[in-house]
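Participant: Take this structure first; my questions come after.
Read the figures in this text as sums done on the coordinates, not as results from a lab. These numbers were taken from a predicted model, which means no experiment stands behind them. Cβ: placed from backbone, ideal geometry, glycine included. Neighbour counts: every protein chain shown.
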């Protein structure tokens, strides 16, 4: 008989979503959003140029491209729990060590290498895979809730970081961030993550129930595959996915979209302070952008659960078009009020795009090799993630303005919008292999 374990009345997958959301709230609050407030204090005290300071974030993107395929394969093969535990430890330790850095090499080592590694193996492919494994018909809702917490980090944690910097300094602010991640994050991972998909524990995805108890784990796995097939979800291996045009078109569009976010989050506060804002108000303005994205993340995920697989590409087109429109409106009318219009429209489009991205890839290629499929995609997107923040820093150092850089980013996001309608769902593979056949 398939062994049934005792779980709380609430479907266990929702505890994974909640824990993943809290990890994202704090981790992205520092790494993705907080760097915008930490940027100038670090560069000023240590004497770095803006391009030089931007390199640390690009180191994380660079190594993430090579770590993601390995992390994805390990997650598919052995489960996400322990790799997320190790990554959470890295995040806590590296933020703690930021208190002690005094040189460029130590900054690159701690923020770029160590913190980048922690975020890459905690808050990206393994976390997405953990949620994907436990949900099918409610996957968009589940992933959007986790993304909602990630967005709240820009609304709650970013202003907190800016405030802590003003009353203490950037070193103590990082130390507090590291201790919180170690004391709160590690117990959450221990209690709220499991190694395998729910069928191994006698459960179906989404908390769905079955009248008859499965005779063994293999029968339960077959029921899970049949359950996913109800929404046209077919299990691809990594090789089968790599042979589809949809896989590579998704990579190109996602890369053009993904480079805009880190570029803005790193450089927006310096951009706004150059225009005369104080740092706290600039951080609050960036929080407004993130706040506009939060309901859109939830709506995007919920729509991903409700529309046909073939229509997801049109939702993605609409989301990316809004991002490009936001950029264009400011570039055509560079006034302070138009900055708020830009951030709100861009935030809505960005949030909807994030809410759609992960469910769309899972709807196209299934669950069994999701970590490996997403990991290879992350590797292919490395050049954009590395180049964009450094390029914007170089543009400012060279021209004294970010406008040229923002114009290029806007053009690439518009290109993603034009390309998205052509991401047609892949045909089922000629042979649907065993659920354990990942590659």
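Participant: Would you mind calculating the gained length between residue 186 and residue 168 on full extension (0.36 nm times residue separation, minus the Cα-Cα distance), in nm to one decimal?
Facilitator: Difference between extended and current length: 3.9 nm.
Participant: On to the next question. For a label point 7 Å from the Cα of residue 336 along Cα→C-beta, name the residues of region 261-295 whose backbone N is under 19 Å from it.
Facilitator: The answer is 268-289.
Participant: Also, I was wondering about something else. State the dimensionless ratio Rg/Rh of region 12-422 (Rg: radius of gyration of Cα atoms; Rh: Kirkwood radius).
Facilitator: Expressed as Rg/Rh, it is 0.97.
Participant: So how do 26-38, 164-176, 232-244 stack up, highest first, on mean other-Cβ count within 10 Å?
Facilitator: Result, highest mean Cβ count within 10 Å first: 26-38, 232-244, 164-176.
Participant: Also: If I model a spin label as a point 7 Å beyond the Cα along the Cα-Cβ vector, how far apart are those points for residue 242 and residue 278 in nm?
Facilitator: A separation of 5.5 nm, rounded to one decimal place.
Participant: Related question: Could you work out how far helix 279-306 tilts from the main Cα principal axis of the chain, as a 0 to 90 degree angle to the nearest 10?
Facilitator: Computed tilt is about 20 degrees.
Participant: For the chain, what is the calculated [θ] at 222 nm in deg cm²/dmol (nearest 500), taking -39500 (n - 2.57) for each run of four or more DSSP H residues and dividing by its residue count?
Facilitator: -23000 deg cm²/dmol
Participant: Follow-up. How far apart, in nanometres, would the label points at residue 46 and residue 82 be if each is projected 7 angstrom from Cα along the Cα-to-Cβ direction?
Facilitator: With each label placed 7 Å out from Cα toward Cβ, I get 3.3 nm.
Participant: How tilted is helix 139-152 with respect to the longest principal axis of the chain? Cα atoms for both, answer in degrees (0 to 90, nearest 10).
Facilitator: Orientation of helix 139-152: about 20 degrees from the principal axis.
Participant: Is the shape of region 156-287 best called rounded, prolate or oblate, per the rule: a/c under 1.5 gives rounded, else a/b larger than b/c gives prolate, else oblate, with a ≥ b ≥ c the square roots of the Cα gyration tensor eigenvalues?
Facilitator: oblate
Participant: Once each part is reduced to its C-alpha centroid, what is the distance from region 137-196 to region 290-346 in angstrom?
Facilitator: Between the Cα centres of region 137-196 and region 290-346 lies a distance of 24 Å.
Participant: Still on this structure, please answer the following. Suppose the chain between residue 379 and residue 329 were pulled fully straight at 0.36 nm per residue; how much longer would it get relative to their current alpha carbon spacing?
Facilitator: Stretched out fully, the residue 379 to residue 329 stretch lengthens by 14.8 nm.
Participant: Determine, for each peptide in 413-423, 97-107, the mean count of other beta carbons within 10 angstrom over its residues, then list the peptides with the highest first.
Facilitator: Result, highest mean first: 413-423, 97-107.
Participant: Between the helical axis of 50-78 and the dominant principal axis of the chain, each derived from Cα atoms, what acute angle in degrees is found, rounded to the nearest 10?
Facilitator: Helix 50-78 sits roughly 10 degrees off the main axis of the chain.
Participant: Another question, then. Using a Förster distance of 30 angstrom, determine the FRET efficiency expected from the C-beta separation of residue 22 and residue 195, and round it to 0.05.
Facilitator: Given R0 = 30 Å and the Cβ-Cβ separation, E is 0.90.
Participant: For the pair residue 422 and residue 209, what calculated FRET efficiency results from E = 1/(1 + (r/R0)^6), where r is the Cβ-Cβ distance and R0 = 41 Å, to the nearest 0.05?
Facilitator: Here the calculated transfer efficiency is 0.55.
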